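Undergrad: One structure follows; several queries about it will come next.
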Amino acid sequence: MQKYELDSFELSQAHLFFWDKLEKANWFLEQILSTLNEPLEGRLMQRLLGEPLSDGGQWDMVHNLVEKYGLVPQALYPDSFSARSSSVLNSLIFTKLREFALKLRWLAAEKSSCGSIEETVAYMETVKADMVRQIHSILVTTLGPPPAVDAEFTWEFVDRTGRARRVRTTPKAFARDIYTPKFGVTASDVAGMVSLVDDPRNPAMFPLEVERLGNVVGGRGVRYTNVDMATLKRACVAQLRAGIPVFFGCDVGKFSGRDSGVMDTALIDYTLGFGPAAGDMHAMSKQERLQAGESAMTHAMVLTAVHVDEKAGKTVRWRVQNSWGEDAGSAGWFVMTDRWMDEFVYQAVIDSRFLSKQVRDVAKGNAIVLPLWDPMGSLA
């Protein structure tokens, strides 16, 4: 906005949405090819088939998409109906991918019985490539053809002074050109950010990875650095003090008012309606809720400010920018109490400049690998 003297600006969400769907479809089919000997009724296969892909993802997935496909202004590739309401699109893709999964397993069994391993692998890759093309056709029909990744586009706009301007570049070059001089944030800084999580089921100060979770084959895997909540919050405060917002993941459906925009563990008193039978709705710990599947990362938002009690040295509440439009909360803004953050925030993506050397070193270490059905594995 500063570089082009704009009062407002929006990147195309549909651009990344299109390529994420295509890459996740390819990722899913690769998982099917690598699990041909797994029982179809087993836990792993049922987890893969249960949700072949999702609208959401993880920070590392965003990195992979931007690295491969770049970014474009929203004006060049606006949201279609299916980008705003993806249920029908997802249903179509889910059906095809499940059909493809069964077909790949059947074809592999048939081909391996009458040919060499090399012939079977080559044949299966050819079949899979055709399946990906079919998914691509569905995406083009529902979302429209996206800007070509390496082709030059022309972006025309009027800046805040009323001057007509024209920018010619490519999606990849446009992504590399991201720079915020006020805060010293470059595209490489964004790529090097660390995904901190508070997962009390696993030891703190350890990196975590989730097996078979990703979007771009050959891209960066999904990786977290597990810390305690105090460390995560200190990092968030440091980054906000520098004027840089914080991407975070949470369980947005718990004790959160969509209309009021308030996220507070005391927001709802169920005993008023159900009496003593409702019991203590906070009886389970954060660890127990994760273990029982009662809670998980379900949504990503942005922290934009924090209220710190300087005398007590404690955080009090946080200002949150959501993506549900101006009808949610106060014109799209929410307020989150510190207690709610402790209980239902699981992730924050932090510029390494605001992390201690110890945390930075831990982030580079060997990771504990979590199973695919780990409940912290996906964001919407």
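The values are calculated or read from the model by the stated rules, or taken from the named source; none is laboratory data. Keep in mind that what you see is a predicted model, and the values were worked out from it rather than measured. FYI the Cβ positions are ideal-geometry reconstructions off the backbone, even for glycines, and counts take in every protein chain you see.
Undergrad: Name the single residue that is surrounded by the fewest Cβ atoms within 10 Å (Cβ to Cβ) among those in the stretch 32-79 being of a type in the set (A, V, I, L, M, F, W, C) and closer than 13 Å to residue 15 by Cα.
TA: At the first step, the residues of the stretch 32-79 found to be of a type in the set (A, V, I, L, M, F, W, C) are 32-33, 36, 40, 44-45, 48-49, 53, 59, 61-62, 65-66, 71-72, 75-76.
Subset that is closer than 13 Å to residue 15 by Cα: 62, 65-66, 71-72, 75-76.
Details: 62: 18, 65: 23, 66: 22, 71: 19, 72: 23, 75: 12, 76: 18.
Looking at residues that are of a type in the set (A, V, I, L, M, F, W, C) and closer than 13 Å to residue 15 by Cα, I get 75.
Undergrad: Under the condition of being assigned to a helix (DSSP H, G or I) and either touching a residue at least 40 places away in the same chain (Cβ under 8 Å) or touching a His at 6+ places or on another chain (Cβ under 7 Å) (or both), which residue from the stretch 247-288 is surrounded by the fewest Cβ atoms within 10 Å (Cβ to Cβ)?
TA: So in the stretch 247-288, the residues assigned to a helix (DSSP H, G or I) come out as 271-278, 286-288.
Now drop any that are not either touching a residue at least 40 places away in the same chain (Cβ under 8 Å) or touching a His at 6+ places or on another chain (Cβ under 7 Å) (or both), which leaves 286-287.
Details: 286: 20, 287: 13.
Top of the filtered list is 287.
Undergrad: In the stretch 150-168, what residues are under 13 Å from residue 76 (Cβ atoms) and of a type in the set (A, V, I, L, M)? Step through it out loud before you land on a result.
TA: Restricting attention to the stretch 150-168, the residues satisfying the condition of being under 13 Å from residue 76 (Cβ atoms) are 151-157, 166-168.
Passing the criteria: 151, 167.
Undergrad: Here is a further query. Run residue 319 past the list (1) under 27 Å from residue 208 (Cα atoms); (2) of a type in the set (D, E, K, R); (3) at pLDDT 95 or above and report the number of the one that doesn't hold.
TA: Condition not satisfied by residue 319: (1).
Undergrad: For the stretch 1-33, name all the residues that are at pLDDT 95 or above, more than 18 Å from the chain's Cα centre (by Cα) and of a type outside the set (A, V, I, L, M).
TA: Listed by number, the residues that qualify are 30, 31.
Undergrad: Is there a residue in the stretch 220-243 that is surrounded by fewer than 21 Cβ atoms within 10 Å (Cβ to Cβ), touching a Phe, Trp or Tyr at 6+ places or on another chain (Cβ under 7 Å) and either assigned to a loop (DSSP other than H, G, I, E, B) or among the polar types (S, T, N, Q) (or both)?
TA: yes
Undergrad: So, one more: When residue 217 is evaluated against the numbered criteria (1) at pLDDT 95 or above; (2) assigned by TED's automatic domain parsing to the domain that holds residue 47; (3) of a type in the set (A, V, I, L, M), which criterion, by number, is the only one it fails?
TA: (2)
Undergrad: Being among the aliphatic types (A, V, I, L, M) and either surrounded by 13 or more Cβ atoms within 10 Å (Cβ to Cβ) or in contact with an Asp or Glu (Cβ under 6 Å, 6 or more places away or on another chain) (or both) is the filter here, so list the residues in the stretch 103-118 that pass it.
TA: 104, 107, 108
Undergrad: Select from the stretch 121-137 the residues that are touching a Leu at 6+ places or on another chain (Cβ under 9 Å) and within 17 Å of residue 101 (Cβ to Cβ) and list them in ascending order.
TA: 123, 124, 125, 127, 128, 131, 132, 135
Undergrad: Of all residues in the stretch 137-167, which are in contact with a Lys or Arg (Cβ under 9 Å, 6 or more places away or on another chain) and surrounded by 14 or more Cβ atoms within 10 Å (Cβ to Cβ)? Talk me through it step by step, then tell me what you get.
TA: Step one: list which residues in the stretch 137-167 are in contact with a Lys or Arg (Cβ under 9 Å, 6 or more places away or on another chain), which gives 138-139, 143, 149-150, 152-159.
Result: 138, 139, 143, 149, 153, 155, 157.
Undergrad: Filter the stretch 301-323 down to the residues that are surrounded by fewer than 16 Cβ atoms within 10 Å (Cβ to Cβ) and closer than 16 Å to residue 349 by Cβ and list them by number.
TA: Correct list: 302, 304, 321, 323.
Undergrad: Does at least one position in the stretch 184-191 carry a residue that is of a type outside the set (S, T, N, Q), in contact with a strand residue (DSSP E or B) (Cβ under 6 Å, 6 or more places away or on another chain), surrounded by 17 or more Cβ atoms within 10 Å (Cβ to Cβ) and closer than 26 Å to residue 55 by Cβ? Show your work before the answer.
TA: From the stretch 184-191, those of a type outside the set (S, T, N, Q) are 184-185, 187, 189-191; that's our starting set.
Restricting the remaining residues to those that are in contact with a strand residue (DSSP E or B) (Cβ under 6 Å, 6 or more places away or on another chain) gives none.
Scanning the stretch 184-191, I find no residue that is of a type outside the set (S, T, N, Q), in contact with a strand residue (DSSP E or B) (Cβ under 6 Å, 6 or more places away or on another chain), surrounded by 17 or more Cβ atoms within 10 Å (Cβ to Cβ) and closer than 26 Å to residue 55 by Cβ, so the answer is no.
Undergrad: Oh, and also: Tell me, which helices (runs of 4 or more DSSP H) wholly within the stretch 1-120 include 1 or more residues that are within 17 Å of residue 137 (Cα to Cα), of a type outside the set (Asp, Glu) and outside the structural domain of residue 346 (by TED's automatic domain parsing)?
TA: Values: elements: 13-33, 43-50, 59-69, 81-84, 87-112.
Qualifying helices (runs of 4 or more DSSP H): 13-33, 81-84, 87-112.
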